[in-house]
Amino acid sequence: MQRRYLAVLSLAALLLPAAVLASDARKPKEEKSKGEILSVGEDRLQLKTKKGAVTVLLTKESRITMGKAELPTAALKQGAKVTVVGTPQPNGEIIAREIQLPSPAAPAQMTMPSGHSGHSH
């Protein structure tokens, strides 16, 4: 009896990793691509990356973000630098889940050396 229990347990231990790997294989793998927008269309954009030009497909689920803010598709402009998070397709296109625009740089603050209040004497 104990031998049979051990055999069943061993078999389960062998099959479990295969089941986990099989479930992972069904999930499309997302990748990040950085580049500059060459052109923007109604449902796609052309992105210039280090590997060359790539077509990025926009769907109803695609989100355009800047920091934590969500933006409309109209925020995508030619020349903008973006990071695309999406699923690469066999034909080289990317289905975008998210397009991240960089946050605007904070304006430079002028600092006064310590001991000065900024008033002239």
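The values are calculated or read from the model by the stated rules, or taken from the named source; none is laboratory data. For clarity, every value in this text was computed on a predicted model and none was experimentally measured. When we count neighbours, we look across all protein chains shown, and the Cβ atoms used for this are built from the backbone with ideal geometry, even at glycine.
Brief remarks follow.
- Residues that are closer than 13 Å to S103 by Cα and either in contact with a His (Cβ under 9 Å, 6 or more places away or on another chain) or in a strand (DSSP E or B) (or both), drawn from the stretch 36-86: I64, T65, M66, A69, E70, L71, K81, V82, T83
- The set of residues from the stretch 53-80 being of a type in the set (D, E, K, R), more than 13 Å from V40 (Cα to Cα) and over 13 Å from the mean Cα position of the chain (by Cα) comprises K60, E61, K68, E70.
One line per residue, one yes/no per condition, for (1) surrounded by 11 or more Cβ atoms within 10 Å (Cβ to Cβ); (2) modelled with pLDDT of 95 or more; (3) within 19 Å of E93 (Cα to Cα):
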{"residue": "A25", "(1), (2), (3)": "no, no, no"}
{"residue": "E30", "(1), (2), (3)": "yes, no, yes"}
{"residue": "L45", "(1), (2), (3)": "yes, yes, yes"}
{"residue": "K50", "(1), (2), (3)": "no, no, yes"}
{"residue": "L58", "(1), (2), (3)": "yes, yes, yes"}
{"residue": "T73", "(1), (2), (3)": "yes, no, yes"}
{"residue": "K81", "(1), (2), (3)": "yes, yes, yes"}
